[in-house]
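Working notes, beginning with the structure itself.
Quick note: the coordinates plus some simple rules give every number you see, no bench work behind them. Computed from a prediction, not measured in an experiment: that's the story for all the values here. When we count neighbours, we look across all protein chains shown, and the Cβ atoms used for this are built from the backbone with ideal geometry, even at glycine.
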Amino acid sequence: MGDASRADRQSDAVRPMIAADKIAEAVRGLGRQITSDYVDRPLTLLGVLSGSIMFVSDLMRQIELPHQLGLIQASSYRGTATEPDELSINDEFLPNLADRHVVLVDDIFDTGNTMLRLMHTLERHHPASLKSAVLLWKKDRTRVELTPDYHCFEIPDAFVVGYGLDYNDEYRYLPYVGVVQTHE
Ligand SMILES: O=P(O)(O)OC[C@H]1O[C@H](OP(=O)(O)OP(=O)(O)O)[C@H](O)[C@@H]1O
Ligand code: HPA
C-alpha cells in the first residue's frame, strides 16, 4: 500500500514514453530472436549493472535455451548528471567467458561510450563471440563507431527513466519508460 502511493506520487513527475506491455512484447521478440540465433551454442548473458537489472531478468525468461548469467558494472552518469563523466568499470564478478558466446545486455545505448569500452574490456576475456543487446537506442546521440547488435526501441534524445534507468538513483523501479520532468 505504501509502495503504491509512493509510485503514484513520484510518477507524476515522469511523462510515460513506452508502456510496460509494449516493453514486455519487445522483450519477448528479442528473446525469440536470441533463441533462434544461439541454438547449440554455449550462451552467456552479461548484464551491465545497475541499469540492466529488469531488462536482463525479463530477457532471461524469454530465451528458450540453457544459458549462464554474468554481471559487470559500468558507471558514468553520476547523481543528477545527464551528460557522461569518467567511466568506471568493475569486472570483479565476471564469470569465465573463454569460449562462451556472450551477449552484453544493457538498458540503453546513448553516446555508446559505455558499450564500446565494455566490448574492448571483454574481448580480453576471449569469448567465442561478443554481441550487444539494449532495450533503448538513442541513435541520434551515438558518438562512437559502433551500433548495438540487438535493440528493442529507438528513442529520441530525451533523458529517460524507469525499467531500470535512473535519474539521481531514483525511478529505477517504474515498470515503464518515461521522460523525467525536472523542476528548475
Ligand atoms: O551510451 P552511454 O552514453 O555510455 O550511456 C549508457 C550507459 O549509461 C547508463 O549507465 P550509468 O553510468 O548511469 O550507470 P547505472 O547503470 O548504474 O545507472 C546506462 O545504464 C548505460 O550503461
Ligand atoms: O537517458 C538516460 N536515462 C538514464 N540513464 C542514462 N544513461 C545514459 N542515458 C540515460
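General remarks:
- The long axis of helix 20-37 is offset from the longest Cα principal axis of the chain by roughly 10 degrees.
- The order of the peptides 32-45, 109-122 by mean Cβ neighbours within 10 Å, most packed first, is 109-122, 32-45.
- Cα gyration tensor shape of segment 126-181, rounded if a/c is under 1.5, else prolate or oblate by comparing a/b with b/c: prolate
- The alpha carbons of segment 18-148 give a radius of gyration and a Dmax of 14.3, 44 Å, in that order.
- Straight-distance candidates among the lysines for linking to residue 22, with alpha-carbon spacing under 18 Å and chain neighbours fewer than 8 residues away dropped: 138.
- Ranked by how many other beta carbons lie within 10 Å on average, peptides 130-142, 81-93 from highest: 130-142, 81-93
- Helical content of the chain, expressed as a calculated mean residue ellipticity at 222 nm, amounts to -8000 deg cm²/dmol (DSSP H runs of 4 or more residues, -39,500 (n - 2.57) each, divided by residue number, nearest 500).
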